[in-house]
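The block underneath contains the structure these notes are about, expressed in structure tokens.
Read-outs throughout are calculated quantities, based only on the coordinates presented, and are distinct from any laboratory measurement. Everything numeric here is computed off the predicted structure, so don't read it as measured data. All Cβ positions, even for glycine, are placed from backbone atoms using ideal geometry, and neighbour counts span all protein chains on display.
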Amino acid sequence: MRTRVLRFAEQEKLELNIHTGVHTGKVAVGIQGGIYDAFGNTVNLASRLESKAPSGRIYVGPSTYHATRDDFEYRATKPLDLKNVKKPIRAYEVLSGHEQVYRRLREREGVHSGLVGRQAELGKLLQALRALADGRGGIAAVLGDAGLGKSRLVAEMLALEEAKGATRLEARSLAIGKDLPFHPFQDLLKRWAEITVEDDETAAGRKLEAAVAARLPAEVGDVFPFVARLMNIRLTGSHAERVAGIAGEALEALIFKSVRDLLLALSRTRPLILVFEDLHWADESSAKLLHALLRLVLEAPILVVLVARADQLQNGRPVLEAARTEFAARLLEVRLDPLTGKQCHQLLENLVQIDHLPQTVRGLICERSGGNPFYLEEVVRSLMEDDSEAFRHVEALEDALRAVPGTIQELIMSRIERLPSSAQDLVQIAAVIGKSFPYRVIDAVTGREPRQLEWDLRRLVRRELIKRQTVQGESEYVFTHALVQETIYEGTAKETRLARAGCW
Ligand SMILES: Nc1ncnc2c1ncn2[C@@H]1O[C@H](COP(=O)(O)OP(=O)(O)OP(=O)(O)O)[C@@H](O)[C@H]1O
Ligand SMILES: [Mg+2]
């Protein structure tokens, strides 16, 4: 409209100009004075903004800004006193359309902090690493509630100099994996044999066989077929004959023995660190296998790291109990408590680099977080999404904080609800697929127009709900945190979930 009006004015040599106000919200519509019209506060505010906008400029209100700030470049105005509006409000001037968006994206930094506290915990894990370097195996259990920093602590441990000499393998259990036999071990073996989503069953089988053969050349015929069974890889020829007729407990025993032999072989060249992430979601078979593997720590330089939410252990419980009773001498338990008030303040300071963030406001945020770093990060993200200016104004921040929902789940859902509907749909589909999803899969599942898909994915990345990574040349997305995926999954109505799942 603006462009056309200005062009028309120029053509006709007219002194004609346009100023625009836009606001978003509920309106009432009806006939008034013989004219079909819209009324209500939203319309009034738009009209006030229009009158404040200098000629040729477009001012939008806060709710329009939130809904469209990914699509346009804006500059905030000073708070404006508007007629019949109680508090001064900030308007946003539209600077441009799409062309500027990407530059701004790159400039913006993620919400992330260096490690705060946890020195004692890290120190304990360091002991385990030193013992491992001396050839002594062990078990480290990292336990704590959701979001307290278990995965972070393990990442910090693996980044230590003392961990560099070891082979590190991760086995991740999934929230949806309780009925998927051996899924964390499949994850571990895939990483080890460098099997990717590109590999079909035959290719995967070949890679696995080659990897086993490299480690256990003499025993490959006895080990590979059973490891392949664990991986659900179909066998042919002599390998198929090797497993023919073996079932039930006998099969299980041979699978266990093969995994055991393989891990022992791996630990012969370098010490081995096996990280079992999110053990609370392990399936029964994996828990049983892991239990059986624990005694390897007495025989070889193998450090088994169990990472779990202690209060949700389920299939993982017997594993932890076995570690406590049978291997007490080799077990090191690290229990994460909430951060102290002081640490919370430190973390907050690292996350929000604003010098004059008032003490009362800091106190309020820390108190809300209950010492949970994930929650603290989420609160900061949520506030930044609301209005990056909020941090500069105590009152605005206090208002915003009051509106911050109480639990992590509510907080995440409220962030989702603020997304445009196409991005909401996308993130729900993604949550049904799992913690991570290759671009190819989400593309196939949604069947969306590529540009729209890219746009929504980018939006989710920017909101730090997911992040992009490249795994063996393939572009893939992962949820920034298991809780985000879980909450979206749980928060999506079952019917919707089924419909989503049905589309692939
Ligand atoms: N001590 C810390 N200092 C700075 N950031 C931290 C600290 N602890 C955790 N964080 C950050 O908080 C977030 C949550 O931590 P993390 O993912 O490790 O939690 P978790 O205990 O593994 O949760 P879950 O049980 O859901 O897997 C991460 O972004 C992490 O980087
Ligand atoms: Mg974790």
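Here are some notes:
- Cα-Cα over 26 Å, subset of K124/K164; K164/K288; K207/K467; K164/K190: K164/K288; K207/K467
- Each peptide among 337-347, 265-275 gets the average number of other Cβ atoms lying within 10 Å of its residues, and from highest to lowest they stand as 265-275, 337-347.
- Multiplying the residue separation of D311 and L95 by 0.36 nm and removing their Cα-Cα distance gives an extension gain of 72.7 nm.
- On Cα atoms only, tilt of 341-351 relative to the major axis of the chain in degrees: 70 degrees
- Helical contribution to [θ] at 222 nm, DSSP H n ≥ 4, -39,500 (n - 2.57), averaged over the chain, rounded to 500: -15500 deg cm²/dmol
- Normalised convex hull volume, the stretch 1-64, alpha-carbon set, Å³ per residue: 107 Å³
- Helix 421-433 vs. the chain, principal-axis angle (Cα, 0 to 90°, nearest 10): 10 degrees
- Compared with the dominant principal axis of the Cα atoms in the chain, helix 41-52 is inclined by about 70°.
- Put a dot 7 Å past the Cα of K86, heading toward its Cβ, do the same for S47, and the two dots end up 2.1 nm apart.
- On the basis of the beta-carbon distance and an R0 of 45 Å, K78 and L115 show a calculated FRET efficiency of 0.70.
- Label sites at M1 and L122, each approximated as a point 7 angstrom past Cα along Cα to Cβ, lie 5.6 nm apart.
- Stokes-Einstein D (µm²/s) once Rh is taken as the Kirkwood radius of the stretch 135-178 over alpha-carbon pairs, at 4 °C in 1.567 mPa s: 103 µm²/s
- Shape of the stretch 413-502, Cα gyration tensor, a/c cut at 1.5: rounded
- Radius, Kirkwood style, for the stretch 189-327 when every pair of distinct Cα atoms is counted (Å): 16.0 Å
- Rg and Dmax, both from the Cα atoms of the stretch 161-260 and both in Å, are 14.1, 48.
- Along the axis of the charge dipole computed for the chain (Cβ charges of +1 for Lys and Arg, -1 for Asp and Glu, origin at the Cα centre), the listed residues T20, I176, V361 are led at the positive end by T20.
- Taking a straight line from the alpha carbon of K13, these lysines sit under 27 Å away, with near neighbours fewer than eight places off in the same chain left out: K52.
- In the chain the Cα-Cα distances spread across 20 Å bins starting at 0 as 19, 45, 25, 10, 1 percent of all pairs.
- Using 0.36 nm per residue and subtracting the Cα-Cα separation, the extra length available between A28 and A133 on full extension is 30.6 nm.
- Using the Cβ-Cβ distance between A210 and T325 with R0 set to 45 Å, the FRET efficiency works out to roughly 0.70.
- Here the dipole of the chain is about 720 debye; that uses its Cα centre as origin and unit charges on the Cβ of Lys and Arg (positive) and Asp and Glu (negative).
- Rounded to the nearest 0.05, the FRET efficiency derived from the C-beta distance between E333 and S63 at R0 = 45 Å is 0.35.
- Computed from label points 7 Å out along Cα-Cβ, the spacing between E161 and R268 is 3.1 nm.
- Summing charges over neighbours of A213, with a neighbour being any other residue whose Cβ is under 11 Å away from its Cβ, gives +1 when K and R count +1 and D and E count -1.
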